[in-house]
Amino acid sequence: MKKVPFVGPTYEEMLHPWKIDKNIRKKAIEMKEKDPLHPLNLYNITWRSTDDSINHFVLPPELTGIKANIVVLFAKEFPSGSHKVGPTYSVLTEKTVNGDVDPMVHKLVWPSTGNYGIGGAFVSSRMNYNSLVILPEEMSKERFDLIRKYGSNVIATPGCESNVKEIYDKTHELTREDPEHIRILNQFESFANYRFHYYVTGNTMVELVRDEKIGNGEIGAVVLTVGSAGTIASGDLVKNKFPKAKIIAGEPVQCPTISMNGYGGHDIQGIGDKHVTWIHNVMNCDGVVQIDDLDCKKFLKVLSTEKGKKYLSKFADKSLIEYISDKLGISGVANIIAAIKTAKYYDMEEGENIIVVATDSISRYYSVLEEMDNPSEGEIERIYDRVIRYQEPSLFFEGDRYSRLRWHNLKYYTWIEQQGKTVEELNLMLRQEFWNDEAKKVDEIDEKIKAYREKHKSELNEMMGLK
């Protein structure tokens with residue numbers, strides 16, 4: 001019997017989940033607790049909670065040492081525990097409704113450094129596809145465990161977070177061995193990744209500060225470390241709504257690829273992949289800031305200990321510290337540090353809002369933290385002062401015209417020389433119109449999703465347990 005891929009929400013329904021059919025949404029919410037692996041959980045891909053509020057918290061100036069607010073969207077409540085499930089669902093759904101993949105024929109391969117692979121494993125099995133995830137061997141144990149739990153096989157390639165070329169090499173090898181059946185779903189080049197964050201994450205950011213009346217009700221900066229550079233696409237939408245907003249990319253000081261054409265290994269898992277991705281709109285980027293991976297891990301360790309939380313409660317309400325303590329991973333802390341550096345660099349004032357994202361949560365890093373010593377009370381104070389309160393606005397590189405062109409030109413070496421793109425395609429990316437056109441495809445794709453759901457209504461209802 002032919003497998004029918006399960007297709008769930010449109011982009012608009014992921015942004016505004018109350019637009020989902022009421023019966024479907026009610027059952028999807030039930031399945032969130034009752035059966036987290038049920039296909040209906042794809043309808044829970046959204047930044048909003050079951051009561052339609054946006055999952056976020058605001059770090060007050062008393063804690064961060066800056067005047068501006070740092071507003072954190074956290075992804076802990078997404079299916080699979082990371083917002084990367086959104087791009088993986090979008091990538092696979094676009095290919096499904098366009099007829100590019102068939103579960104009876106193809107095996108999906110998800111090249112990743114962790115969260116995208118976890119999301120790919122989750123989404124593939126829920127949508128009736130077989131899949132394989134490729135990621136570096138030095139990624140956290142939790143990442144490998146989740147991939148297998150969600151139903152995918154996994155291949156570990158040599159190296160750490162920044163060893164992405166080794167991942168690409170493995171995808172080419174697999175394709176050569178079985179070109180008829182292997183299909184690569186590459187987050188670093190797929191514009192479905194861009195569209196999810198432009199439309200869903202970007203609009204969520206705008207609605208959050210406006211509806212919640214946070215600070216001055218505007219966004220002064222979107223500050224995000226880049227891995228695939230999907231999440232930072234939200235900044236393009238934000239800048240369309242707030243033209244004065246800054247888009248700032250963060251990367252590890254141990255691997256300063258964009259800012260300094262650099263290289264190296266680091267441990268901010270999920271970012272800093274030693275190349276400029278195809279879908280990174282660097283021509284719209286206002287700056288790049290570097291973050292030390294050890295700062296991120298040390299502060300996450302502080303936040304995970306009772307002594308650390310007690311100390312931080314001197315600077316913010318105890319309930320807030322407890323609330324945020326399980327909602328950040330290493331890259332989430334990196335984004336907060338990058339936001340502090342940005343606020344100090346631009347001398348941002350009281351009432352201004354900086355938006356960042358916590359891609360995953362501490363649950364993916366217990367094995368990493370276990371390798372670190374528990375800090376003493378004196379060390380906790382020194383870590384907080386060094387990493388947060390007195391963080392320097394150093395290693396900040398502004399995006400003038402020629403800086404942006406340098407960042408753009410770096411794409412050549414990965415994508416033209418190694419990955420088969422053309423110079424003509426690369427040159428199109430110099431114009432903002434190119435990116436606007438990619439974003440506009442959301443409406444067209446949503447119509448295709450609706451048509452697909454209507455065509456396969458009986459099969460999809462059966463999979464959902466609906467009459």
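Every condition in (1) touching a strand residue (DSSP E or B) at 6+ places or on another chain (Cβ under 7 Å); (2) free of Cβ contacts under 8 Å to residues at least 12 places away in the same chain holds for Ile70 except the one numbered (2).
Restricting Ile219, Ile247, Ile214 to residues that are in contact with a Lys or Arg (Cβ under 7 Å, 6 or more places away or on another chain) and closer than 19 Å to Glu352 by Cβ narrows the list to Ile247. The single condition from (1) free of Cβ contacts under 8 Å to residues at least 12 places away in the same chain; (2) in contact with a helix residue (DSSP H, G or I) (Cβ under 8 Å, 6 or more places away or on another chain) that Met127 fails is (1).
Within the stretch 435-460, residues that are without any contact (Cβ under 8 Å) to a residue 24 or more places away in the chain and at negative phi reach partners that are in a helix (DSSP H, G or I) and among the polar types (S, T, N, Q) with beta carbons closer than 9 Å, at six or more positions or on different chains, in the pairs Asn436/Asn240. Total residues in the stretch 127-147 satisfying the condition of being modelled with pLDDT under 90 and over 20 Å from the mean Cα position of the chain (by Cα): the figure is 1. For the stretch 220-236, the criterion of being part of a loop (DSSP other than H, G, I, E, B), surrounded by 20 or more Cβ atoms within 10 Å (Cβ to Cβ), touching a residue at least 40 places away in the same chain (Cβ under 8 Å) and among the hydrophobic types (A, V, I, L, M, F, W, C) is met by at least one residue. Checking each residue in the stretch 1-44 for being under 30 Å from Val105 (Cα atoms), surrounded by 18 or more Cβ atoms within 10 Å (Cβ to Cβ) and among the hydrophobic types (A, V, I, L, M, F, W, C) picks out Val4, Phe6, Val7, Met14, Ile24, Ala28, Met31, Leu40, Leu42.
Taking the numbered list (1) surrounded by fewer than 24 Cβ atoms within 10 Å (Cβ to Cβ); (2) farther than 30 Å from Glu350 by Cβ; (3) β-branched (Val, Ile, Thr) in turn, Thr113 passes all entries but (1).
Of everything in the stretch 370-391 that is in contact with a Lys or Arg (Cβ under 7 Å, 6 or more places away or on another chain) and surrounded by fewer than 18 Cβ atoms within 10 Å (Cβ to Cβ), the residue that is farthest from Thr225 (Cα to Cα) is Glu377. On inspection, Val206 passes the criterion of being outside any loop (DSSP other than H, G, I, E, B) and without any contact (Cβ under 8 Å) to a residue 60 or more places away in the chain. From the list Asp178, Asp236, Asp267, Asp273, the lone residue that is of a type in the set (Asp, Glu) and at pLDDT 95 or above is Asp236. Just one of the listed residues (Ile383, Ile354) is modelled with pLDDT of 95 or more and touching a Pro at 6+ places or on another chain (Cβ under 9 Å), and it is Ile383. Taken together, Lys309, Lys344, Lys318 contain a single residue that is surrounded by fewer than 21 Cβ atoms within 10 Å (Cβ to Cβ), over 23 Å from Ile268 (Cα atoms) and not aromatic (Phe, Trp, Tyr), which is Lys318. Among residues of the stretch 438-466 being under 29 Å from the mean Cα position of the chain (by Cα), surrounded by 12 or more Cβ atoms within 10 Å (Cβ to Cβ) and among the aliphatic types (A, V, I, L, M), the one that is farthest from Val7 (Cα to Cα) is Ala439.
With respect to Glu137, determine if the residue is of a type in the set (D, E, K, R), in contact with a strand residue (DSSP E or B) (Cβ under 9 Å, 6 or more places away or on another chain) and on the phi < 0 side of the Ramachandran plot. Spelling it out, Glu137 is indeed of a type in the set (D, E, K, R), in contact with a strand residue (DSSP E or B) (Cβ under 9 Å, 6 or more places away or on another chain) and on the phi < 0 side of the Ramachandran plot.
Note on the stretch 1-102: enclosed helices (runs of 4 or more DSSP H) holding 2 or more residues that are aliphatic (A, V, I, L, M) are 11-15, 22-34, 85-97. Would you confirm, using the coordinates I've provided, whether Asn216 is in a loop (DSSP other than H, G, I, E, B) and either at positive phi or out of contact with any Phe, Trp or Tyr (no Cβ under 8 Å at 6 or more places or on another chain) (or both)? It is true that Asn216 is in a loop (DSSP other than H, G, I, E, B) and either at positive phi or out of contact with any Phe, Trp or Tyr (no Cβ under 8 Å at 6 or more places or on another chain) (or both).
Within the stretch 117-165, track down each residue that is of a type in the set (Ser, Thr, Tyr) and either in a helix (DSSP H, G or I) or farther than 27 Å from Lys411 by Cβ (or both). Residues satisfying the conditions are Ser124, Ser125, Tyr129, Ser131, Ser140, Tyr150, Ser152.
The values are calculated or read from the model by the stated rules, or taken from the named source; none is laboratory data. Owing to the predicted nature of the structure, the values given are computational and were not obtained by experimental measurement. FYI the Cβ positions are ideal-geometry reconstructions off the backbone, even for glycines, and counts take in every protein chain you see.
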